Structures are given as structure tokens and as C-alpha cells.
1. Report Rg(Cα)/(2.2 N^0.38 Å) for the chain, keeping two decimals.
2. Peptides 141-151, 226-236: what's the order by average Cβ count within 10 Å, highest mean first?
3. Could you put Met40, Met325 in order, starting from the residue whose Cβ has the fewest other Cβ atoms within 10 Å?
4. GNM on the chain, C-alpha springs below 10 Å: top fluctuator among Ala289, Ala14, Ala254?
5. Could you tell me which residue out of Ala278, Ala333, Ile221 lies farthest along the dipole of the stretch 196-337 toward its positive end? Charges go on the beta carbon: Lys and Arg +1, Asp and Glu -1, centred on the Cα centre.
6. Ala74: net charge of surrounding residues, Cβ under 13 Å, Lys/Arg +1, Asp/Glu -1, itself excluded?
7. Which FRET efficiency value, to the nearest 0.05, do you get for Ala81 and His275 by plugging their Cβ-Cβ distance into 1/(1 + (r/R0)^6) with R0 = 30 Å?
8. Over the Cα atoms of the stretch 211-294, what radius of gyration and what Dmax do you get, in Å?
Amino acid sequence: MDSVRPTSDSQWNALQAGAVPAVEEVRPGIHAIALDMPGMQPPYAYSYAILAGGGSRAVHIIDAGLDTDENWVAFGDALAALGRELTDIETVTITHLHFDHTGLANRIREASGATVRMHTAEAAAIAEGLQFSAGHDVGDMLGKWGVPEESRAALLAIATSRADFGSVVIVDEEATDGEILDFGSYRATVIHTPGHTTGHICLALEGEAAVFTGDHVLPLINPGIALGGRLTADPLGEYYDSLERLAPYADAEALPGHGFRFASLGARCAQIRAHHEARTAQAAQVLAAEPDLAVWDLASRLTWTGGWEALPIVSRVSALAQTDMHLARVRKAAPAR
């Protein structure tokens, strides 16, 4: 795991066993509720419940898991074990627009009247239907990337099916960078961290040396880039800038959307950046010998865990998008031929 040190034995052990972790208190009155994600790795996403305290029954939720009937029951049972009900939920703050984080938000809103908030850019992306497409026609992108005809249908089916997971979340309130959110006994600062999606946010707990990182920084997985919202000119560069935005919290504990909570957020940020920079360098090395490679051919020559041929098809669209970004950075830096 190199520099990643788990701060929760139960979450770490559950990950190793391929199990869903039990509800765990990560700070007094703040509980991590793992909700099932069948067929995915890791097989769960975290929803965090913050009990307002001070005699209030109010509950504030960060991220809302995958929308399934089983998760809805599990979520309600978890709150009941904490002495709360679904009707006690006052707010749902979502780190980004993917279905495994927005899932139960509409049900919660309907059950309790809770205010659902996301970053302004995510709300706009949902309104435009850009949860995964990043503003491009996927079929056109597969052609641009040089994907062989025999591989396009399967990749297109994967890419377009993602938008069908769950309902489009109803956003009541738009969060902005630097905004302070009141969670009763806790306050959190909104940090806009574009990269994984254009409107991704992290939330830094005041006085607690802890940051809810969503999918911006995960303990073992290197998050995909530009996987939702309108595509910008340099999403990888924006992601680097967003990692740097967490520099004031380098010594904080990370409370991520998947995996396990871990120490030394700054060290993991540096590790992720080094991974991407190494991939750009590898792409540059390959392109030095074969400068006219298409994205598909370049991707097949890069190093992937288990190799390109073993990469699950569900991961290939993301891998191609990442390769395209590295290719663009290499060609931008190269002298004109």
C-alpha cells in the first residue's frame, strides 16, 4: 500500500474479505454507512450520517449510495440503530453526480423533505444530461480514438448504459467553493475539486483534521478523470490543481467514498499525481518511437494492472479517456515537427 495507512481496521478487513463494512463511528456523532454496490469493486460506497447533536434530532447526510430497495432498507436500519429516523434528515450533500453517490437522494428528499445540494457545475451537468458523457457523443469519441469496429459496439453499450442507473437527482441548493455548511455540532468547508467530474467537491471538517474526499482521492484506486460534466480544455491539469487545493489538509484523515479511511491525505495526493505523471512519461516514450499512434493503440502499449487485454470492458472507456488526456499533454509539450 506504500504510503496509504488505514485508520480503520474494520473497514480495511472488510475490503480484504470482499465484504460490506459495518456501520462505524468515524468522529463523535459521524457515522460511515456502507451501502452495497453489487458486481463492482469495491462492492460498496459510503454514505456519512452526521447527527446534529445539542438536543436536536437532525441528521445531515454526505453522499447517498446506490439506489436499490435493499440499500434503502439498510440505510433506514442504520439510522434506526443510531436512534434516528429517515424523517430526521435535513440535508443531503453530494460530492459528485455519479449514481453511486446520488442514488438514494430522491427517496430521502421525498421521505423527509431534506434539502439536496451539489456543486453548481454538477447541477448544470445534470440539467444537460452530462452525468457521464462529458459533452461529447460517445460514438464519435470511439471513432476519434481509433477503436476497431469489432470493439465499438460493446464499449458504446457500456458507456451509454451508465446514464440509466437510477433517477436524475433533484437538486434544491447549489454549493459553492469556500462555502461553510452547518451540520449542527460540525461545520464543513466546501472545496471545489474538479477532475473526476467538473463539479466534484470535498468537505473539510472544521477543527477535526478530516476531509470527506468523495472520489477525488481514494485509498487504493487512482480515480478516473473527466467522467462527468462538460469537458474542459485540460481536465488532467485541473485535477492536479485540485490535488494541490488539499495541501492545507496534508496531515488530515481522508474519509473517502469507497475503500477505507486513511491517514496522511497529502501523501496519497502526491502518490496519485506521481502515478499520472509516470503514465504521461510512458506515453511520451511510446510516442517518441511511434508518433502517429491512435489512442486505442497507445492505450494497448501502456502499463495497466493485469495488462490491457485483461482490463475489464467496463473500465476500458475510462482507460481510453485517460490515455487521450495523456496523449494531448505529450503532444502539447512536443516541438512542432
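What follows draws every value from the coordinates through simple rules; no lab data is involved. Since the model is a prediction, treat every value here as computed from it, not as a measurement. A quick note on method: Cβ atoms are made from the backbone with ideal geometry, for glycine too, and the neighbour counts reach across all protein chains shown.
1. The reported ratio for this selection is 0.99.
2. Descending mean neighbour count gives 226-236, 141-151.
3. Listing Met40, Met325 from fewest to most nearby Cβ atoms yields Met40, Met325.
4. Greatest mean-square fluctuation among the candidates belongs to Ala289.
5. The one lying farthest along the dipole's positive direction is Ala333.
6. Within the 13 Å Cβ shell, the charges total -4.
7. Once the sixth-power term is evaluated, E becomes 0.20.
8. That works out to 14.6, 44 Å for Rg and Dmax.
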